[in-house]
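One structure is given below, encoded as structure tokens.
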Amino acid sequence: MIQEVQTEHTLLVKGPSRVRLLEGKIEVFGKVFVPEKNELESTIIIPSANNYPLYALEPSKLEIITSNKDNIQIVEENTISKEWIKIKDTVIGIIRKNEEKKPIKLMVLGLSSGKTTLIKYLANNLFNEGFKASFLDSDLGQQLLYLPTTLNIGEIKENIVSSADIKTEDTIFIGSTFPKANFKFIVSHSCNDLINNFQSTHKDSDIILIDSDGWIRTEAGIIYKNFFIDTVDPDILIVFHDDSIEELEAIEKNASKSKKRKILFLKEQNNYFYDKDKEERRFLRQSQFAKVLENFRKISIPLDDIKFIKAGYDLEEDKIIESDIDIRNLITLPYHYVIIALLTEDSKLIRIGLLFVINLEKNYILLFSDLNFKEQSKVKKILLGSLRLSIKGNHQGYLYL
């Protein structure tokens, strides 16, 4: 269908849909589109369980392919609020005044919808201003950059609309889609390690944008977010504030203890945000697993002296630790199809995979991974996750260690 959009109106398009700009100029999360000879450059793919705002900078005409006409809505205003624009301008001003050699760390905090959208909006506007930004995704269950159960960081080298527009440069495997128990401490320290390692190789970076999950509404959620903020120590904290959420107020109070930290509040409710339900989040997670796992294959490698380990947290030392797992105990548990990380002797990540079979008698391990032949000899440790998956990315249960 052909849809015309007037200047300063927004076309909201829910996925799965495909939109091609035929005439005019539109903006999506701060990225500007104009008609191009190359059709792909003026085409926007909206995935399932997503809602993209196409704001008309001038009278525009678009070709839309979608399964349901209800996926399209015209809004007679910009769905990016003045509050967002003000925060964007504030962040740009802080970067320009930053005289330190280290990049600014900016974290977005909130219960659910809007955080990743804001990250995209800020990223595009910062890119347009010529700043060098990067993106750290700390949401284990809804990873934008790579596989759920991992943490990832990557430089923003172009305007971004979808996850395909950012490539991960460093990954840490956690093995769970939720930071339960000691994982909340492991995730916090791992994110800090990703930032420090990234800074050492990207000394000209201006800002690191940190996305977070929406786990807030429990006492454990408060402990997690407080520990994360204390550990990662963001210079700027943007909060989707809600007076009805007492837990959020407790986190804000703890975050405000740092005198050098700038806290920016978003208090206006945006009715145009698309809040994914549990089923949609589960679908997106399974889709992301399937996308990565489709490149995996069955691989048999010698067991030899490979150690099986699990990650833990030492409260007294405040650090991540590794514990050996007795393989004879492991094979008595439902370990089949558990997600794993294949590591070097010094615990550097080589590849991720699924553990199929441990055969002690014949001294081999059957895996499902994209591990290549040269990498096989480097595998000295296997870090066990807790999530068990089918080769299509469907949830199969858990491994409890």
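Every number in this text was worked out from the coordinates using simple rules, so none of it is lab data. Just so we're clear, the structure is a prediction, and the values are computed from it rather than from any experiment. When we count neighbours, we look across all protein chains shown, and the Cβ atoms used for this are built from the backbone with ideal geometry, even at glycine.
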Point to revise | Likely footprinting exposure, 310, 257, 105, fewest C-beta neighbours within 10 Å first | key: 257, 310, 105
Check your understanding: Pulled fully out, how much extra length does the chain show between residue 260 and residue 181, if you take 0.36 nm times their separation in residues and subtract their Cα-Cα distance?
Key -> 25.4 nm
Study note, to complete from the structure: Per DSSP, the loop-located trypsin sites (Lys or Arg not before Pro) within the range 176-240 having at most 15 other beta carbons within 10 Å are 180, 203, 217
Revision key, fill the gap. With DSSP loop assignment and no more than 14 other C-beta atoms within 10 Å, the GluC sites (Glu not before Pro) in the range 91-185 are 99, 100, 129, 158
Study note, to complete from the structure: Site residue 202, offset 7 angstrom along Cα→Cβ, radius 20 Å on amide nitrogen, limited to the range 111-125, gives 115-125
Check your understanding: Between residue 268 and residue 307, how many nm apart are label points set 7 Å from Cα along the C-beta direction?
Key -> 5.5
Point to revise | Euclidean distance between Cα centres, the range 169-212 to the range 282-341, Å | key: 19
**Study point:** Cα-based Kirkwood hydrodynamic radius, the range 61-145, one decimal, Å
**Key:** 15.7
Practice item. Please give, to one decimal in nm, the separation of the simple spin-label points placed at residue 2 and residue 250, each 7 Å out from Cα toward the Cβ. Key: 5.8
Exercise for review: Sticking with the crude label model, points 7 Å out along Cα→Cβ, report the distance from residue 99 to residue 275 in nm, one decimal please.
Suggested key: 4.5
**Study point:** Most mobile of 17, 190, 377 in a GNM of the chain (Cα contacts under 10 Å)
**Key:** 377
Review point. Of 374, 276, 348, which is the most mobile in a GNM of the chain whose springs link Cα atoms less than 10 angstrom apart?
Key: 374
Review point. Near residue 115, within a Cβ-to-Cβ distance under 11 Å, what is the net charge of the other residues, with Lys and Arg +1 and Asp and Glu -1?
Key: -3
Study note, to complete from the structure: quick shape note, the chain: Cα extents on principal axes in Å, largest first -> 71, 51, 40
Revision key, fill the gap. A chain fully extended from residue 287 to residue 157 at 0.36 nm per residue, minus the present Cα-Cα distance, gains in nm 44.3 nm
Study note, to complete from the structure: Listed residues 62, 209, 147; largest mean-square fluctuation, Gaussian network over the chain with Cα springs below 10 Å, found at 62
Review point. Among 137, 318, 211, which comes first, second and so on when ranked by fewest other beta-carbon atoms within 10 Å?
Key: 318, 211, 137
Check your understanding: Once the other residues with Cβ under 12 Å from the Cβ of residue 391 are scored (Lys, Arg +1; Asp, Glu -1), what is the net sum?
Key -> +3
Practice item. Sort the range 274-363 into rounded, prolate or oblate with this rule: let a ≥ b ≥ c be the square roots of the eigenvalues of the Cα gyration tensor; rounded if a/c is under 1.5, and if a/c is not under 1.5, prolate when a/b is larger than b/c, oblate otherwise. Key: oblate
**Study point:** Size of charge dipole - the chain - debye, nearest 20, with Cβ of Lys, Arg +1 and Asp, Glu -1, no other charges
**Key:** 720
Practice item. Please identify which residues in the range 179-209 have an amide N closer than 11 Å to a label point set 7 Å out from the Cα of residue 219, following the Cα→Cβ vector. Key: none
Check your understanding: So how far, in whole Å, is the C-alpha centre of the range 345-387 from the one of the range 99-135?
Key -> 36
**Study point:** 245, 251 arranged by Cβ crowding within 10 Å, fewest neighbours leading
**Key:** 245, 251
**Study point:** Too-long pairs where the Cα-Cα distance tops 26 Å, listed order kept, from 102/319; 69/167; 102/180
**Key:** 69/167; 102/180
